[in-house]
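The values are calculated or read from the model by the stated rules, or taken from the named source; none is laboratory data. Model, not experiment: these values are computed from the prediction. Here Cβ is always computed from backbone atoms with ideal geometry, including for glycine, and neighbour counts include all displayed protein chains. Remember, those area values only see protein heavy atoms, side chains included, never the ligands or the DNA or RNA. Shrake-Rupley method; radii C 1.70, N 1.55, O 1.52, S 1.80 Å.
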Amino acid sequence: MKKLLLPFITVLIIGTVVGIVTLHHAPAATPTTTAKKAQVPRRVAPITASAVAKDPKLKYSCIIYYAVKHLKIQRWQEVSDFKLGWQVEIYHEASQSKYLVWPDKNIKTSAKALQPNWFTIKNGQVTYDSFGVHTFKKDMTATVSLTTIIKQIQQDHATKTVRNMRPNLVVKEHARADD
């Protein structure tokens with residue numbers, strides 16, 4: 001029996017030493033191919049007056065967004081399809097440029113039968129205009145400052161939405177009549 005006890009104690013001692021060493025020296029973590037990096041939300045640059053002044057398409061996107069989401073002129077809902085986009089035609093008149101807003105960035109001239117919604121910009125004020133269809137009333141108008149529009153977009157947390165409008169916005173600028 002003494003012959004069996006000595007090898008048993010030896011194995012027990014070696015096992016205890018290996019266990020203690022293993023506990024004190026945890027194996028280094030090895031990267032696995034299935035581990036995914038944590039997705040960091042992509043930060044969208046805020047819309048500021050300076051950014052709007054430098055980027056006409058951003059400015060038009062802000063103006064259209066505000067019209068669709070906050071303006072009380074019903075016909076502006078005709079341009080509310082964010083997937084179809086918009087076509088903005090700019091006509092330069094004597095002292096004021098007029099911005100016609102058509103629904104669908106790919107709209108054809110043949111589909112432009114009815115007078116569209118439009119806006120003008122003067123001294124930081126945007127005047128929205130809409131022709132009343134099937135009515136003899138005056139055009140419907142509303143005036144809002146660009147500052148108010150930008151603040152509203154920030155309150156709506158719609159910066160990403162507005163910035164994503166730009167690729168769906170086609171701008172066509174017409175030459176001045178006196179050119």
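In table form, for the structure just shown:
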| read-out | value |
| --- | --- |
| Answer residue from region 118-151, given it is β-branched (Val, Ile, Thr) and modelled with pLDDT under 95 and is surrounded by the most Cβ atoms within 10 Å (Cβ to Cβ) among those | 141 |
| Condition met for residue 78 (modelled with pLDDT of 95 or more, surrounded by 15 or more Cβ atoms within 10 Å (Cβ to Cβ) and of a type outside the set (Gly, Ala, Ser)) | no |
| Which listed residue is at pLDDT below 95, in a loop (DSSP other than H, G, I, E, B) and touching a strand residue (DSSP E or B) at 6+ places or on another chain (Cβ under 8 Å), from 175, 113 | 175 |
| Identity of the residue in region 97-117, of a type in the set (S, T, N, Q) and under 14 Å from residue 63 (Cβ atoms), that ends up least open to solvent (accessible area, probe 1.4 Å) | 117 |
| Considering residues of region 60-116 that are among the hydroxyl-bearing types (Ser, Thr, Tyr) and in contact (Cβ under 8 Å) with a residue 60 or more places away in the chain only, the residue farthest from residue 139 (Cα to Cα) | 61 |
| Enumeration of residues in region 81-96 that are surrounded by fewer than 16 Cβ atoms within 10 Å (Cβ to Cβ) and of a type in the set (A, V, I, L, M, F, W, C) | 82, 84, 90, 94 |
| Any chance residue 99 is at pLDDT below 95, assigned to a strand (DSSP E or B) and out of contact with any helix residue (DSSP H, G or I) (no Cβ under 6 Å at 6 or more places or on another chain) | no |
| Condition broken by residue 93, with the remaining ones in (1) in contact with a helix residue (DSSP H, G or I) (Cβ under 7 Å, 6 or more places away or on another chain); (2) at pLDDT below 90 satisfied | (1) |
